[in-house]
Amino acid sequence: MSPEQNASASNTMVFSLRSAILDNIAMVAIILGVGSILMFTLIALTHDPYYTVSSKLLFEPREPELVFNNYDRNLHSFEDWMRTQSHEIESNQVLLPAIQNYENSGYRWIHEGETDKTAVDRLRGRLNIRQINNTQIMTISLSNWNKEGLAELVNAVTYSYINLKDAKRKTQDQKKLEYLRTEKEKYNHRLDEAYEDLTNISKRYGTAVADEKNLYIYLDMFVDLRSRYNKVLTNRIESENKLEALTSQKKQLLSMDVYDLENTQQLLNMEQDINSKMVGLNPDSELYYRYSDMLAEIDSNSIRSARKYLVADIDHNISEQSMLRDAAKLTEKDLQRELRKAQNELMEINTAVLKTSTQRQAIDRIINVWDRINDRIEQIEIELFNPGRVNVLNAAEEPEFPDPNKLIKKMFVGLIAIFGLAIGLASFKELTDDRVKRVADIEKVLGFPATGFLLDANEEDIPIENLDKIYREHPDSYMTELYNQLVVKIENEHGSHGAQTFSLFSLKGKSGVTSAAKNVLAMLDADKHEKILVDLNAHPKDAIESQVENDGLISWLATHKTLERGIVRDVDSYFDVLPLGSLREMDIARIRPSVVRELMQRLKKEYKYIFIDGPPLLNTSESQTIAHETDASILVVDSQDNIWPELKRAVAILDKLKISVISIILNKVQVRRAGYMRKTLTDHYASHESNIDPENLQVDQAA
């Protein structure tokens with residue numbers, strides 16, 4: 001990782017309650033066990049019997065009157081009403097008479113010198129009043145160490161409340177009765193007046209006037225008269241029109257010249273007209289003879305006689321039409337008078353019907369209200385004889401056995417307190433423990449993730465002498481898998497960025513740097529003579545057999561122009577080793593970057609991977625020199641020993657040196673602390689039940 005990524009590192013320590021409990025599970029279990037034993041012993045020695053009595057009240061037969069019509073609001077109002085009753089039970093009007101009745105029975109509740117208010121407040125604080133599951137049942141409970149008189153006190157409160165409610169109800173019902181009876185009298189008077197008005201209307205217009213069918217009879221009569229009037233009016237108008245036409249015809253005939261009449265078509269038309277009039281006449285009638293004479297005169301060209309007869313005929317028609325007109329006028333006047341009379345009668349009948357209908361509706365409304373008032377009066381009168389809307393469902397009785405709930409509550413509270421103490425101590429220990437214990441916390445604190453982690457060897461029962469060769473002795477172990485994951489990341493760093501030299505450091509002491517370097521280096525995909533471990537932490541004679549006795553790194557480099565004599569090429573190993581001894585015991589003061597740079601230049605000519613097992617980063621300045629001259633630096637952190645300030649200080653040092661790549665390997669991680677469950681290892685070994693031959697595995701790795 002680049003050093004710039006560390007600039008956003010958090011300075012706050014990561015806390016996990018789950019990890020705190022798991023990391024201190026033994027302490028938590030001990031506290032819970034010991035605390036539970038002590039708690040149960042203390043409760044058993046100090047617990048006194050505790051008694052509880054209760055009475056149940058049933059609110060019936062109906063909901064209170066002051067409720068809403070809407071269903072939802074009705075239910076809401078009833079719940080409010082029930083809650084109000086619980087507060088009424090706790091009122092002074094109920095508790096004070098209850099205490100007085102209780103003491104009149106021979107029991108004592110008021111202490112000597114205690115006021116009534118204090119006694120009521122003390123009883124109010126002891127009572128437990130609650131509604132059962134939103135029903136119409138309510139319980140009144142009381143608990144005490146002494147069971148004597150306990151049930152009597154609860155019953156005294158119960159009956160005091162019932163008596164108060166009954167007295168209030170009777171007072172309210174009496175007031176309601178008075179009001180309702182007054183209203184009933186008012187509506188009785190209004191009903192009598194309405195019936196009287198209806199009777200007067202019936203007397204004036206007839207008993208059947210209230211029936212709307214009579215209105216339709218009068219209406220038919222009026223329509224018939226109107227039809228007759230319209231017919232007479234039509235006849236009069238027709239007669240007047242005919243008179244006007246006949247008069248005009250007569251004037252035209254008298255003004256017409258006789259010779260003009262001969263020379264025109266008028267004569268022919270007159271003959272045709274007379275013939276048409278003769279059609280249908282009796283041949284023996286006088287008019288028929290007259291028309292016949294007129295035709296004869298026309299035929300004999302007696303024009304003057306014909307006009308005379310024509311004028312006489314027109315006069316006759318005018319006389320007839322005048323008689324018809326006069327008769328129609330007289331009939332029209334009579335019908336107009338009858339129409340006005342019928343119209344007035346119809347209006348009066350219609351008004352009477354409307355008044356009667358309105359009066360009937362008013363009577364129906366009055367009767368409806370009167371019935372409801374009468375029903376409510378009957379209900380209240382009946383309820384006055386009932387014991388009340390609140391009944392005692394179960395009266396309180398003297399308890400036979402102590403209440404176990406108090407003991408259970410004590411145990412429950414005690415267990416919660418013990419559990420809280422255990423969690424608190426575990427959390428305190430977790431907060432005060434600043435060791436680098438979890439891989440997931442590294443990224444949260446430093447700002448970049450760890451390269452990987454290694455389990456504690458004890459988790460897989462790996463002997464300490466096999467730590468440097470886990471890849472060989474335990475090829476199927478989960479530790480080998482973890483090393484493989486580290487190898488993949490280092491090979492990716494080599495392939496992507498050309499990293500060739502890797503310096504590995506602990507923070508301040510032994511953290512498994514050497515074993516980590518040897519296992520990773522052995523498992524890298526390269527020939528064993530392309531990988532070399534430069535060991536600067538041990539004398540050559542103490543580590544690996546060497547033919548060279550060194551006086552120091554600088555002296556050795558000055559003496560040997562090649563590295564061939566100092567490199568150990570063990571045929572059984574998977575890499576070469578260059579043991580250069582401990583810098584602290586040799587030429588510390590003389591080591592400089594140029595010396596390390598020269599060593600790296602020589603090794604890069606022959607090796608693909610160069611691992612330097614350097615001294616602790618926080619204890620020596622030489623480790624900083626080595627880190628500055630290598631491609632990548634790897635910090636191996638001991639999860640059971642190194643703390644966060646040390647790790648952040650080491651990362652800060654490498655940042656100041658502008659190291660291009662900083663990797664962190666968390667070593668000796670316990671399974672629980674790493675966030676893995678035991679099932680992880682079980683699943684791993686379940687996938688390796690093929691029992692691969694270790695010798696074949698070594699051959700494959702060597703290849």
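I'd like to check something: does the range 568-583 contain any residue that is surrounded by 13 or more Cβ atoms within 10 Å (Cβ to Cβ), part of a helix (DSSP H, G or I) and at pLDDT below 85? Yes: one or more hits.
Annotation: of all residues in the range 124-136 being loosely packed, with under 15 Cβ neighbours inside 10 Å and not polar (S, T, N, Q), the one that is nearest to residue 60 (Cα to Cα) is 132. Checking each residue of the range 333-345 against the condition of being assigned to a helix (DSSP H, G or I) and over 19 Å from residue 232 (Cα atoms) gives at least one match.
Of all residues in the range 324-380, those satisfying the criterion of being free of Cβ contacts under 8 Å to residues at least 40 places away in the same chain and under 27 Å from residue 192 (Cβ atoms) are 351, 354, 358, 361, 364, 365, 368, 371, 372, 375, 378, 379. Take the conditions modelled with pLDDT of 85 or more and either in a helix (DSSP H, G or I) or buried (at least 18 other Cβ atoms within 10 Å of the Cβ) (or both) and apply them to residue 423. Does it pass? It is true that residue 423 is modelled with pLDDT of 85 or more and either in a helix (DSSP H, G or I) or buried (at least 18 other Cβ atoms within 10 Å of the Cβ) (or both). Take the range 453-508 and flag every residue that is in a loop (DSSP other than H, G, I, E, B) and among the charged types (D, E, K, R). Those that are in a loop (DSSP other than H, G, I, E, B) and among the charged types (D, E, K, R): 456, 461, 476, 508.
The values are calculated or read from the model by the stated rules, or taken from the named source; none is laboratory data. Here the structure is a predicted model, which means the values were calculated and not measured. Heads up, the Cβs are rebuilt from the backbone with ideal geometry, glycines too, and the neighbour counts pull from every protein chain shown.
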